[in-house]
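One structure is given here, and the rest of the page talks about it.
The values are calculated or read from the model by the stated rules, or taken from the named source; none is laboratory data. Keep in mind that this is a model prediction, so the values were computed, not measured. Cβ placement follows ideal geometry from the backbone for every residue including glycine, while neighbour counts extend to all protein chains displayed. Each accessible area value is taken on the protein alone, full model and side chains, heavy atoms only, with ligands, DNA and RNA left out. Shrake-Rupley method; radii C 1.70, N 1.55, O 1.52, S 1.80 Å.
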Amino acid sequence: LTGVLDDCLCDIESIDDFNTFKIFPKIQKLQERDYFRYYKVNLKRPCPFWADDGHCSIKDCHVEPCPESKIPVGIKAGSSNKYSKAANNSKELEDCEQASKLGAVNSTLSNQSKEAFIDWARYDDSQDHFCELDDERSPDAQYVDLLLNPERYTGYKGPSAWRVWNSIYEENCFKPRSVYRPLNPLAPSRGESFYTWLEGLCLEKRVFYKLISGLHASINLHLCANYLLEETWGKPRWGPNVKEFTRRFDPAETKGEGPRRLKNLYFLYLIELRALSKVAPYFERAVVDLYTGNGHEDAESKALLLDIFRDTKSFHMHFDEKSMFAGDKKGAKSLKEEFRLHFKNISRIMDCVGCDKCRLWGKLQTQGLGTALKILFSEKEIQSLPENSPSKGFQLTRQEIVALVNAFGR
């Protein structure tokens with residue numbers, strides 16, 4: 001993949017260099033820190049759009065509770081913390097990961113973590129919330145350790161997975177009545193070329209489509225890169241599956257479609273990069289802490305995050321979102337609102353994903369992109385933030401911050 005990206009003054013090679021040598025190593029380090037590795041998610045919400053066709057029946061998708069004997073002592077010991085070292089013993093965690101099957105969401109948490117979350121929640125509540133996240137307070141919402149639950153191929157595919165992507169493309173991308181062909185680029189086409197039609201759309205609607213396509217490419221790419229290659233004697237071996245990658249992205253196998261999908265992934269990267277550079281003033285204020293209760297670690301995490309912001313600002317070929325929603329005020333406002341509603345709908349469709357691991361990463365990346373869009377549409381509010389008090393006009397919750405960093409890391 002080479003050359004310039006459409007709708008940006010940017011080329012693939014510059015992004016690769018910038019990401020590989022500057023950004024990625026730092027983002028990886030940041031994702032391993034406590035503040036960013038725990039994400040609260042409700043995997044039990046019912047699908048709001050169609051009767052659930054049953055969860056993925058493959059064992060790799062199931063959330064298997066850990067057998068009693070494998071649960072780390074610190075958790076069984078209730079509130080006593082004297083076993084917390086044992087609770088964090090990585091050997092036990094590995095056994096637990098093994099026991100909970102390949103695709104299970106590993107919900108093992110040490111006691112210390114549980115206490116820290118109560119503390120974080122209190123801290124979050126003391127800030128002014130910009131928007132209430134749908135299921136933060138639901139008894140079904142649980143913290144998940146993202147490092148123990150990597151995004152990878154679980155075997156979830158077929159009609160159920162197809163239906164999720166299909167409804168994302170068909171019902172949530174702007175589609176003029178004159179286009180009869182399906183919007184889903186994977187669907188067989190009839191009549192008008194899909195891309196001829198896409199070029200005819202206004203910038204905003206093209207951007208929306210490309211972001212969804214980029215998200216789709218990102219998820220597919222991680223499935224190919226971390227694929228179940230073989231399972232001998234119950235010991236799974238994960239790794240890159242070049243054949244699967246070729247099937248999804250090679251020009252010959254995809255009728256020239258693959259490189260476009262990958263270009264949309266770069267486009268998604270640029271949009272999230274732009275959001276990170278725009279939100280820097282929010283975090284540069286002393287009043288914003290990445291609070292976990294461990295002062296030393298919190299300060300280090302914040303220093304690393306600010307360092308990443310400095311790098312994002314040094315990149316010279318950002319996507320310029322000023323060209324979006326720049327038409328007449330009334331038209332721009334209604335388009336922006338339409339954008340928001342379409343996006344909200346997509347985040348609700350993620351509750352229809354039948355595999356818990358896939359649902360976890362789908363929800364996380366959708367929320368990360370939603371947070372990036374919220375930042376790009378709030379530039380004035382971010383610029384006029386008060387230095388020493390929680391902000392009234394613009395606010396990010398811990399959930400949004402964690403989702404933004406991890407989605408960009410993906």
In this structure, the FRET efficiency calculated for ALA51 and GLU337 from their beta-carbon separation, with R0 = 30 Å, to the nearest 0.05, is 0.50
With the full set of protein chains in place, find how many percent of the accessible area of the stretch 371-410 is carbon and sulfur; take the probe as 1.4 Å.
48 percent
Each label point is 7 Å from the Cα along the Cα-to-Cβ direction; what then is the distance between the points at GLU13 and GLU381, in nm?
4.1 nm
At a probe radius of 1.4 Å, what is the per-residue accessible area of TRP238, in Å² to the nearest 10?
60 Å²
Note on the stretch 265-410: alpha-carbon gyration tensor, axes a ≥ b ≥ c; rule is a/c under 1.5 for rounded, else prolate if a/b larger than b/c, else oblate; result oblate
Checking the table LYS243/LYS278; LYS263/LYS357; LYS243/LYS374 against a 31 Å threshold on Cα-Cα, which pairs fail?
LYS243/LYS278; LYS243/LYS374
Quick one: ranking LYS374, LYS44, LYS392 by accessible area, 1.4 Å probe, largest first, what do you get?
LYS392, LYS44, LYS374
Averaged per residue, what accessible area in Å² does the stretch 243-365 show with a 1.4 Å probe, protein chains only?
45 Å²
Please get the size of the charge dipole for the stretch 1-42, origin at its Cα centre, with Cβ charges of +1 on Lys and Arg and -1 on Asp and Glu, quoted in debye to the nearest 20.
540 debye
Please work out the Cα center distance from the stretch 354-397 to the stretch 201-242, rounded to the nearest Å.
23 Å
